[in-house]
Structure formats: C-alpha cells, structure tokens
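The next block holds one structure in the form of structure tokens; read it before the comments.
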Amino acid sequence: MGLRIVIGADSAAVDYKEIIKKDLEADERVEKVIDIGLKAGEDVDYPHVGIKGARMVAAGEVDRALLLCGTGIGMAIVANKVPGIRASVGHDSFSVERLIKSNNGQVLTMGQRVIGIELARRLVKEWLGYEFDPQSNSARKVQEICDYEVPQTDGETTPGSCS
C-alpha cells in the first residue's frame, strides 16, 4: 500500500504546489494525493491550510502532509499546534532525512521563496523514500516528545500515545 499524502499551500506557494502535486501523483510510492488548496488567485492565510493538513494526518486520513508557503516556517509552526504532529521545514537533504528517520515527522514544510523548484522536487522524492524505524535509538526520543503532549489537570504531563 502506498503513501496517502495531503498537499496544501498558501498564495505564496501555489506554483510549487501544482508542480509537486503532479510529481506526487506520478510517483509509484504514492497511493493517493489530496489537494487542500489553494488555487491560483485564491487568498487564504496559511494557518487555515496548515491546520487542515495537519489535522488530516493526526486523524489518520493520510500518512503525511506536504505544506508549502513563502518560507515553510509558518506552516511548520501551525502544523505543530496539532497534537501528535511533528513538522519541520526541510530545505536540504539531511534535514528531510532526519525529519523521518530521527523524529518520525509526518509533515514536511517548504518555502517557495527560499529554495528553487528543482531542489524542492528532489527533496520531496527523497522524503517519500524514508521510513521511521520504531526499533531505532530515536524511538525513545520520539516517545518522549509525545509524552509532553498529554496534559494533566495540574499542568504536568503524563505519558501519552505516539502517532
């Protein structure tokens, strides 16, 4: 079974979204691509797009999200507001690899104003090939991150489940 990917962008990254969406649809590792917008000429602030994509991942509707904006930073910040989500900007090969292999991240963000389209396309292809190893040394650290997400009534945290 292939990956189910949601892709979304704000008005600053619609061009990249359209190009990369076609790449995803043509990739044999991808079973399904869901485009949550925007379209050229639309103007919706990135928090709304980012939250929608991250919530789809958290709900198990998709496996991963690719969220694009001007820098990738805003999308990463907003996606990380959704419990269970680990999102990061990835503008180089090592960061994209470590998002998955070290952090079991489900959301990759990029900025159209920061990197060229050919690098963005290459990084997305690399991203699709990485898998998290739940037996790795990083698994304990990912669980520790998840444990901070479950608040108690006194404001402390208790161990929670990790998605």
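The values are calculated or read from the model by the stated rules, or taken from the named source; none is laboratory data. The structure displayed is predicted, hence computed values, not measured ones. Neighbour counts are summed over all protein chains in view; Cβ atoms, including those assigned to glycine, are modelled from backbone coordinates with ideal geometry. All accessible areas refer to the heavy atoms of the entire protein, side chains included, with ligands and DNA or RNA removed. Shrake-Rupley method; radii C 1.70, N 1.55, O 1.52, S 1.80 Å.
Taking each residue of segment 82-104 that is of a type in the set (Ser, Thr, Tyr) and looking for partners that are part of a helix (DSSP H, G or I) and crowded, with 23+ Cβ neighbours inside 10 Å with beta-carbon atoms closer than 6 Å, six or more apart or interchain, yields Ser88/Ala76; Ser88/Leu99.
Evaluation of Asp23 against the conditions (1) at pLDDT 95 or above; (2) on the phi < 0 side of the Ramachandran plot; (3) touching a Ser or Thr at 6+ places or on another chain (Cβ under 6 Å) shows that the sole unmet condition is (3). One residue stands out in segment 28-53 among those that are out of contact with any helix residue (DSSP H, G or I) (no Cβ under 6 Å at 6 or more places or on another chain) and part of a loop (DSSP other than H, G, I, E, B): the one that is nearest to Val114 (Cα to Cα), namely Asp45.
Set side by side, the residues Ala65, Ala76 differ, and just one is part of a helix (DSSP H, G or I) and surrounded by 22 or more Cβ atoms within 10 Å (Cβ to Cβ), which is Ala76. Looking only at residues that are part of a helix (DSSP H, G or I) and among the charged types (D, E, K, R) in segment 106-140, which one is least open to solvent (accessible area, probe 1.4 Å)? This residue is Glu126.
Per-residue answers, yes or no, for (1) farther than 21 Å from Lys141 by Cβ; (2) touching a Leu at 6+ places or on another chain (Cβ under 6 Å); (3) assigned to a loop (DSSP other than H, G, I, E, B):
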residue	(1), (2), (3)
Ile20	yes, no, no
Arg55	yes, no, no
Ile85	no, no, yes
Ser95	no, no, no
Arg98	no, no, no
Asn104	no, no, yes
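Can you tell me which residues in segment 128-163 are at pLDDT below 85 and of a type in the set (Gly, Ala, Ser)? Result: Gly155, Gly160, Ser161, Ser163. I'd like to check something: does segment 46-61 contain any residue that is among the aliphatic types (A, V, I, L, M), open to solvent by 40 Å² or more (accessible area, probe 1.4 Å) and under 18 Å from Lys125 (Cβ atoms)? The answer is no; no qualifying residue exists.
Kindly indicate whether Tyr16 is open to solvent by less than 40 Å² (accessible area, probe 1.4 Å) and of a type in the set (Ser, Thr, Tyr). So that I can check it myself, show each step before the final result.
Numbers: open to solvent by less than 40 Å² (accessible area, probe 1.4 Å): yes; of a type in the set (Ser, Thr, Tyr): yes.
It is true that Tyr16 is open to solvent by less than 40 Å² (accessible area, probe 1.4 Å) and of a type in the set (Ser, Thr, Tyr).
Restricting attention to segment 79-105, the residues that are surrounded by 16 or more Cβ atoms within 10 Å (Cβ to Cβ) and acidic (Asp, Glu) add up to 1. For segment 15-53, filtered to residues that are touching a strand residue (DSSP E or B) at 6+ places or on another chain (Cβ under 8 Å) and of a type in the set (A, V, I, L, M, F, W, C), the residue that is farthest from Thr71 (Cα to Cα) is Val30.
Would a scan of segment 26-33 turn up a residue that is surrounded by 14 or more Cβ atoms within 10 Å (Cβ to Cβ) and within 18 Å of Met110 (Cα to Cα)? Steps first, answer last, please.
Taking segment 26-33 and keeping what is surrounded by 14 or more Cβ atoms within 10 Å (Cβ to Cβ), we get 27, 30, 32-33.
After this cut, where a residue has to be within 18 Å of Met110 (Cα to Cα) as well, the list is 33.
Scanning segment 26-33, I find at least one residue that is surrounded by 14 or more Cβ atoms within 10 Å (Cβ to Cβ) and within 18 Å of Met110 (Cα to Cα), so the answer is yes.
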